[in-house]
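One structure is given below, encoded as C-alpha coordinates.
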Amino acid sequence: MTPSDAHVIAPFFTATEYELLRSHADDLPLPDGHVLSLERHGADALLLLVEGRVRESAMSTNAREWKAGDSFGRWGASGQPCAALVSMGDARFWKLPAATLELIASSTPGLILKLFGAFLGELRVFANGEGDAAPSVDRVEVVARLSDGERKVRAGTLIRDLLPSHVDNNLVIAALMDRKCVSLNRTLGVSASLEPIGRKHLQGRAIYRESLGLMAIEAARRIDPGIKLQLGPSLGFAHIIEVEYGNGYSRGELARMLGEKMRAMVEEDVTYRRERWSVE
(Lines give C-alpha, C1' and ligand atoms only; values in the text may rest on other atoms or scores of the structure.)
Protein backbone atom coordinates (compact mmCIF):
# COMPACT_ATOMS: atom_id res chain seq x y z
CA MET A 1 0.00 0.00 0.00
CA THR A 2 1.02 3.59 -0.59
CA PRO A 3 0.15 6.80 1.28
CA SER A 4 -2.57 7.47 -1.32
CA ASP A 5 -4.28 4.27 -0.14
CA ALA A 6 -4.43 5.49 3.45
CA HIS A 7 -8.19 6.14 3.23
CA VAL A 8 -8.72 2.37 3.31
CA ILE A 9 -7.81 2.23 6.99
CA ALA A 10 -8.42 5.82 8.08
CA PRO A 11 -9.49 8.74 5.93
CA PHE A 12 -7.94 11.44 8.09
CA PHE A 13 -4.33 10.26 8.44
CA THR A 14 -1.69 12.56 7.03
CA ALA A 15 0.99 10.96 4.87
CA THR A 16 3.50 11.36 7.72
CA GLU A 17 1.19 9.67 10.25
CA TYR A 18 0.45 6.88 7.80
CA GLU A 19 4.15 6.17 7.24
CA LEU A 20 4.81 6.28 11.00
CA LEU A 21 2.04 3.76 11.60
CA ARG A 22 3.29 1.48 8.84
CA SER A 23 6.88 1.67 10.10
CA HIS A 24 5.83 0.52 13.59
CA ALA A 25 3.50 -2.29 12.46
CA ASP A 26 4.46 -5.92 11.88
CA ASP A 27 3.47 -6.84 8.34
CA LEU A 28 1.43 -10.07 8.14
CA PRO A 29 0.69 -11.16 4.55
CA LEU A 30 -1.99 -13.84 4.28
CA PRO A 31 -2.08 -15.65 0.91
CA ASP A 32 -5.34 -16.95 -0.51
CA GLY A 33 -6.84 -19.68 1.66
CA HIS A 34 -4.34 -19.34 4.50
CA VAL A 35 -5.41 -19.10 8.14
CA LEU A 36 -4.54 -16.44 10.73
CA SER A 37 -4.86 -17.50 14.37
CA LEU A 38 -6.39 -14.72 16.48
CA GLU A 39 -5.37 -16.53 19.65
CA ARG A 40 -1.73 -16.39 18.57
CA HIS A 41 -1.55 -12.98 16.90
CA GLY A 42 -4.37 -10.97 18.48
CA ALA A 43 -4.27 -11.92 22.16
CA ASP A 44 -2.39 -8.74 23.12
CA ALA A 45 -2.39 -6.73 19.90
CA LEU A 46 -4.44 -4.71 17.47
CA LEU A 47 -4.72 -6.37 14.04
CA LEU A 48 -5.66 -4.12 11.12
CA LEU A 49 -6.87 -5.67 7.88
CA VAL A 50 -5.36 -3.29 5.30
CA GLU A 51 -5.75 -5.32 2.10
CA GLY A 52 -8.18 -7.97 0.87
CA ARG A 53 -11.06 -9.82 2.50
CA VAL A 54 -11.25 -12.54 5.17
CA ARG A 55 -13.94 -14.74 6.71
CA GLU A 56 -14.26 -16.56 9.99
CA SER A 57 -12.89 -20.07 9.94
CA ALA A 58 -16.15 -21.71 11.01
CA MET A 59 -17.47 -24.11 8.37
CA SER A 60 -20.87 -22.50 7.97
CA THR A 61 -22.97 -21.19 5.09
CA ASN A 62 -23.41 -17.90 6.94
CA ALA A 63 -19.79 -17.46 8.03
CA ARG A 64 -19.11 -13.77 8.63
CA GLU A 65 -16.85 -11.84 6.28
CA TRP A 66 -14.72 -8.73 6.73
CA LYS A 67 -12.93 -6.33 4.38
CA ALA A 68 -10.01 -3.90 4.49
CA GLY A 69 -10.64 -1.36 7.24
CA ASP A 70 -11.83 -3.88 9.86
CA SER A 71 -9.78 -4.68 12.94
CA PHE A 72 -9.42 -7.62 15.28
CA GLY A 73 -7.60 -8.80 18.38
CA ARG A 74 -7.80 -7.49 21.93
CA TRP A 75 -8.56 -3.92 20.84
CA GLY A 76 -10.14 -4.58 17.45
CA ALA A 77 -13.58 -3.20 16.65
CA SER A 78 -14.62 -6.63 15.35
CA GLY A 79 -13.86 -8.11 18.76
CA GLN A 80 -12.78 -11.75 19.02
CA PRO A 81 -15.45 -13.29 16.74
CA CYS A 82 -13.73 -16.64 16.19
CA ALA A 83 -10.52 -18.54 16.75
CA ALA A 84 -9.12 -17.86 13.29
CA LEU A 85 -9.64 -15.99 10.02
CA VAL A 86 -9.29 -17.38 6.50
CA SER A 87 -8.21 -15.16 3.59
CA MET A 88 -10.47 -14.86 0.54
CA GLY A 89 -7.78 -14.03 -1.99
CA ASP A 90 -4.50 -12.45 -0.94
CA ALA A 91 -4.88 -10.33 2.19
CA ARG A 92 -2.58 -8.34 4.47
CA PHE A 93 -2.70 -7.38 8.15
CA TRP A 94 -0.76 -4.89 10.21
CA LYS A 95 -0.06 -6.09 13.73
CA LEU A 96 0.42 -3.53 16.50
CA PRO A 97 1.35 -5.25 19.81
CA ALA A 98 0.58 -3.57 23.11
CA ALA A 99 4.19 -2.42 23.53
CA THR A 100 4.11 -0.79 20.09
CA LEU A 101 0.85 0.99 20.87
CA GLU A 102 2.38 2.31 24.10
CA LEU A 103 5.43 3.54 22.18
CA ILE A 104 3.26 5.38 19.64
CA ALA A 105 1.10 6.79 22.44
CA SER A 106 4.14 8.25 24.19
CA SER A 107 5.69 9.78 21.05
CA THR A 108 2.60 10.65 18.99
CA PRO A 109 -0.53 10.61 21.19
CA GLY A 110 -2.61 12.29 18.49
CA LEU A 111 -2.02 9.33 16.19
CA ILE A 112 -3.39 6.90 18.78
CA LEU A 113 -6.52 9.03 19.17
CA LYS A 114 -7.03 9.01 15.41
CA LEU A 115 -6.36 5.30 15.20
CA PHE A 116 -8.91 4.27 17.78
CA GLY A 117 -11.38 6.91 16.63
CA ALA A 118 -11.24 5.51 13.11
CA PHE A 119 -11.70 1.84 13.94
CA LEU A 120 -13.68 1.69 17.11
CA GLY A 121 -16.09 4.57 16.95
CA GLU A 122 -15.92 4.62 20.73
CA LEU A 123 -13.08 3.85 23.14
CA ARG A 124 -13.77 3.32 26.81
CA VAL A 125 -10.81 3.52 29.15
CA PHE A 126 -10.97 2.10 32.64
CA ALA A 127 -8.41 2.09 35.43
CA ASN A 128 -7.30 -1.13 37.09
CA GLY A 129 -6.54 -1.49 40.79
CA GLU A 130 -3.00 -0.14 40.38
CA GLY A 131 -4.13 2.98 38.56
CA ASP A 132 -2.80 1.98 35.13
CA ALA A 133 -5.09 2.72 32.20
CA ALA A 134 -6.16 -0.08 29.87
CA PRO A 135 -8.62 0.14 26.97
CA SER A 136 -11.85 -1.82 26.94
CA VAL A 137 -13.90 -1.82 23.78
CA ASP A 138 -17.63 -2.32 23.30
CA ARG A 139 -18.72 -2.82 19.75
CA VAL A 140 -20.97 0.12 18.85
CA GLU A 141 -23.70 0.23 16.23
CA VAL A 142 -25.33 3.34 14.81
CA VAL A 143 -28.33 3.84 12.53
CA ALA A 144 -27.90 5.30 9.05
CA ARG A 145 -31.18 6.76 7.82
CA LEU A 146 -31.14 6.46 4.02
CA SER A 147 -33.68 7.16 1.28
CA ASP A 148 -34.60 3.46 1.10
CA GLY A 149 -34.85 2.93 4.86
CA GLU A 150 -32.74 2.58 7.97
CA ARG A 151 -29.60 0.45 8.31
CA LYS A 152 -27.72 -0.54 11.44
CA VAL A 153 -23.97 -0.32 10.80
CA ARG A 154 -20.81 -0.41 12.85
CA ALA A 155 -19.67 2.94 14.20
CA GLY A 156 -16.75 4.14 12.12
CA THR A 157 -18.21 2.97 8.79
CA LEU A 158 -17.23 5.22 5.89
CA ILE A 159 -20.13 7.27 4.56
CA ARG A 160 -19.10 6.42 0.98
CA ASP A 161 -19.84 2.75 1.76
CA LEU A 162 -23.46 3.59 2.64
CA LEU A 163 -24.40 5.71 -0.39
CA PRO A 164 -24.74 4.96 -4.12
CA SER A 165 -21.88 5.89 -6.44
CA HIS A 166 -24.20 7.85 -8.77
CA VAL A 167 -27.37 9.89 -8.38
CA ASP A 168 -29.39 11.15 -11.37
CA ASN A 169 -26.61 9.83 -13.66
CA ASN A 170 -24.08 12.05 -11.83
CA LEU A 171 -21.12 10.89 -9.78
CA VAL A 172 -21.73 11.31 -6.04
CA ILE A 173 -19.01 13.66 -4.73
CA ALA A 174 -20.18 14.43 -1.18
CA ALA A 175 -22.96 13.76 1.30
CA LEU A 176 -25.48 15.53 3.49
CA MET A 177 -25.28 14.26 7.06
CA ASP A 178 -28.29 15.59 8.97
CA ARG A 179 -28.46 18.31 6.28
CA LYS A 180 -24.80 19.27 6.75
CA CYS A 181 -22.40 18.82 3.83
CA VAL A 182 -19.59 16.36 4.66
CA SER A 183 -16.88 14.37 2.88
CA LEU A 184 -17.59 10.85 1.63
CA ASN A 185 -14.47 9.81 3.54
CA ARG A 186 -15.98 10.83 6.85
CA THR A 187 -16.79 8.03 9.26
CA LEU A 188 -20.25 7.66 10.78
CA GLY A 189 -19.89 7.80 14.55
CA VAL A 190 -23.49 8.65 15.48
CA SER A 191 -26.92 7.84 14.08
CA ALA A 192 -27.80 10.28 11.30
CA SER A 193 -29.68 10.80 8.05
CA LEU A 194 -27.53 10.56 4.91
CA GLU A 195 -28.18 11.88 1.40
CA PRO A 196 -25.88 11.72 -1.65
CA ILE A 197 -24.74 14.93 -3.37
CA GLY A 198 -24.00 15.01 -7.10
CA ARG A 199 -22.76 17.83 -9.34
CA LYS A 200 -26.30 19.04 -10.07
CA HIS A 201 -26.85 19.82 -6.39
CA LEU A 202 -26.15 23.43 -5.36
CA GLN A 203 -23.48 22.39 -2.85
CA GLY A 204 -22.20 19.77 -5.26
CA ARG A 205 -21.50 22.45 -7.87
CA ALA A 206 -19.63 24.54 -5.28
CA ILE A 207 -17.52 21.54 -4.25
CA TYR A 208 -16.75 20.77 -7.90
CA ARG A 209 -15.65 24.36 -8.63
CA GLU A 210 -13.40 24.52 -5.56
CA SER A 211 -11.90 21.13 -6.44
CA LEU A 212 -11.11 22.39 -9.95
CA GLY A 213 -9.44 25.43 -8.39
CA LEU A 214 -7.23 23.27 -6.17
CA MET A 215 -6.44 21.09 -9.16
CA ALA A 216 -5.38 24.16 -11.17
CA ILE A 217 -3.00 25.22 -8.39
CA GLU A 218 -1.43 21.75 -8.34
CA ALA A 219 -1.26 21.70 -12.13
CA ALA A 220 0.61 25.02 -12.10
CA ARG A 221 3.10 23.62 -9.58
CA ARG A 222 3.71 20.61 -11.82
CA ILE A 223 4.21 22.81 -14.88
CA ASP A 224 6.59 25.23 -13.17
CA PRO A 225 7.04 25.62 -9.39
CA GLY A 226 7.70 29.31 -10.00
CA ILE A 227 4.08 29.93 -11.07
CA LYS A 228 1.96 31.20 -8.18
CA LEU A 229 -1.85 30.96 -8.36
CA GLN A 230 -4.43 31.81 -5.73
CA LEU A 231 -8.12 30.98 -5.46
CA GLY A 232 -10.19 34.15 -5.61
CA PRO A 233 -13.86 34.75 -4.76
CA SER A 234 -16.71 32.67 -6.11
CA LEU A 235 -18.99 34.22 -8.73
CA GLY A 236 -21.73 31.67 -8.12
CA PHE A 237 -21.35 30.05 -11.55
CA ALA A 238 -17.52 30.17 -11.60
CA HIS A 239 -14.47 30.63 -9.40
CA ILE A 240 -11.84 33.30 -10.01
CA ILE A 241 -8.23 32.10 -10.08
CA GLU A 242 -5.77 34.93 -9.54
CA VAL A 243 -2.27 34.79 -11.05
CA GLU A 244 0.05 36.15 -8.38
CA TYR A 245 3.16 35.43 -10.45
CA GLY A 246 3.14 34.02 -13.98
CA ASN A 247 6.92 33.52 -14.13
CA GLY A 248 7.11 34.96 -17.63
CA TYR A 249 4.17 33.07 -19.16
CA SER A 250 1.38 35.02 -20.85
CA ARG A 251 -2.18 34.52 -19.62
CA GLY A 252 -3.04 32.70 -22.85
CA GLU A 253 -0.06 30.34 -22.54
CA LEU A 254 -0.83 29.70 -18.91
CA ALA A 255 -4.50 28.91 -19.60
CA ARG A 256 -3.57 26.46 -22.36
CA MET A 257 -0.92 24.68 -20.30
CA LEU A 258 -3.17 24.48 -17.25
CA GLY A 259 -5.98 22.93 -19.31
CA GLU A 260 -3.63 20.33 -20.80
CA LYS A 261 -2.04 19.46 -17.44
CA MET A 262 -5.40 19.20 -15.66
CA ARG A 263 -6.72 16.82 -18.33
CA ALA A 264 -3.55 14.73 -17.89
CA MET A 265 -4.12 14.67 -14.12
CA VAL A 266 -7.67 13.40 -14.70
CA GLU A 267 -6.30 10.60 -16.88
CA GLU A 268 -3.74 9.87 -14.16
CA ASP A 269 -6.61 9.71 -11.64
CA VAL A 270 -4.77 11.92 -9.15
CA THR A 271 -6.04 11.54 -5.58
CA TYR A 272 -7.11 14.48 -3.41
CA ARG A 273 -5.84 14.13 0.15
CA ARG A 274 -7.24 16.21 2.97
CA GLU A 275 -4.72 17.30 5.57
CA ARG A 276 -5.19 19.15 8.84
CA TRP A 277 -2.55 21.65 9.90
CA SER A 278 -2.14 23.10 13.38
CA VAL A 279 -1.90 26.90 13.54
CA GLU A 280 -0.82 29.17 16.35
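The values are calculated or read from the model by the stated rules, or taken from the named source; none is laboratory data. Fair warning: this is a prediction, and the values are worked out from it, not measured in the lab. As a convention, Cβ positions derive from the backbone with ideal geometry for all residues, glycine included, and neighbour counts pool all protein chains shown. Side chains are part of the model used for accessible areas, which takes the heavy atoms of the whole protein and leaves out ligands, DNA and RNA. Shrake-Rupley method; radii C 1.70, N 1.55, O 1.52, S 1.80 Å.
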Residue under evaluation Thr157, criteria (1) farther than 17 Å from Gly69 by Cβ; (2) at pLDDT below 85; (3) in contact with a strand residue (DSSP E or B) (Cβ under 6 Å, 6 or more places away or on another chain), criterion not met: (1)
Top-ranked residue in the range 214-234 [being in contact with a Leu (Cβ under 9 Å, 6 or more places away or on another chain) and outside any helix (DSSP H, G or I); ranked as least open to solvent (accessible area, probe 1.4 Å)]: Ile227
Kindly indicate the residue of the range 169-189 that is in a strand (DSSP E or B) and under 20 Å from Arg154 (Cα atoms) and also nearest to the chain's Cα centre (by Cα) among those meeting that condition. Thr187
Matching residues, the range 162-207, being in contact with a helix residue (DSSP H, G or I) (Cβ under 7 Å, 6 or more places away or on another chain) and in contact (Cβ under 8 Å) with a residue 24 or more places away in the chain: Ile173, Ala174, Cys181, Leu184, Asn185, Arg186, Thr187, Leu188, Leu194, Ile197, Gly198, Arg199
Say whether the condition of being buried (at least 16 other Cβ atoms within 10 Å of the Cβ), at pLDDT below 75 and in contact with a Gly (Cβ under 6 Å, 6 or more places away or on another chain) is met by at least one residue in the range 91-109. no
Would you please list the contacts, defined by Cβ atoms under 7 Å and residues six or more apart or on different chains, that run from a residue in the range 233-248 that is at positive phi to a residue that is surrounded by 10 or more Cβ atoms within 10 Å (Cβ to Cβ) and at pLDDT 85 or above? Asn247/Asp224; Asn247/Gly226; Asn247/Ile227
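Could we say that Ser211 is within 22 Å of the chain's Cα centre (by Cα), part of a helix (DSSP H, G or I) and of a type outside the set (Val, Ile, Thr) here? I'd like the intermediate steps shown before the answer.
Numbers: within 22 Å of the chain's Cα centre (by Cα): yes; part of a helix (DSSP H, G or I): yes; of a type outside the set (Val, Ile, Thr): yes.
In short, yes.
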Suppose we keep only residues that are open to solvent by 30 Å² or more (accessible area, probe 1.4 Å) and modelled with pLDDT under 80 within the range 24-49. Which one would you say is nearest to Leu103 (Cα to Cα)? Asp44
Condition first: at pLDDT 50 or above and open to solvent by 90 Å² or more (accessible area, probe 1.4 Å). Now tell me which residues in the range 110-144 satisfy that. Leu113, Glu141
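Could you check the range 235-269 and list, in sequence order, the residues that are hydrophobic (A, V, I, L, M, F, W, C) and either farther than 22 Å from Arg199 by Cα or in a helix (DSSP H, G or I) (or both)?
So the first thing to find is which residues in the range 235-269 are hydrophobic (A, V, I, L, M, F, W, C), and the list is 235, 237-238, 240-241, 243, 254-255, 257-258, 262, 264-266.
Result: Val243, Leu254, Ala255, Met257, Leu258, Met262, Ala264, Met265, Val266.
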Only one of these is open to solvent by 60 Å² or more (accessible area, probe 1.4 Å), within 30 Å of Tyr272 (Cα to Cα), modelled with pLDDT of 75 or more and of a type in the set (S, T, N, Q): Thr16, Thr2. Name it. Thr16
Restricting to the range 153-168, name every residue that is open to solvent by 20 Å² or more (accessible area, probe 1.4 Å) and not in a strand (DSSP E or B). Arg160, Asp161, Leu163, Pro164, Ser165, Asp168
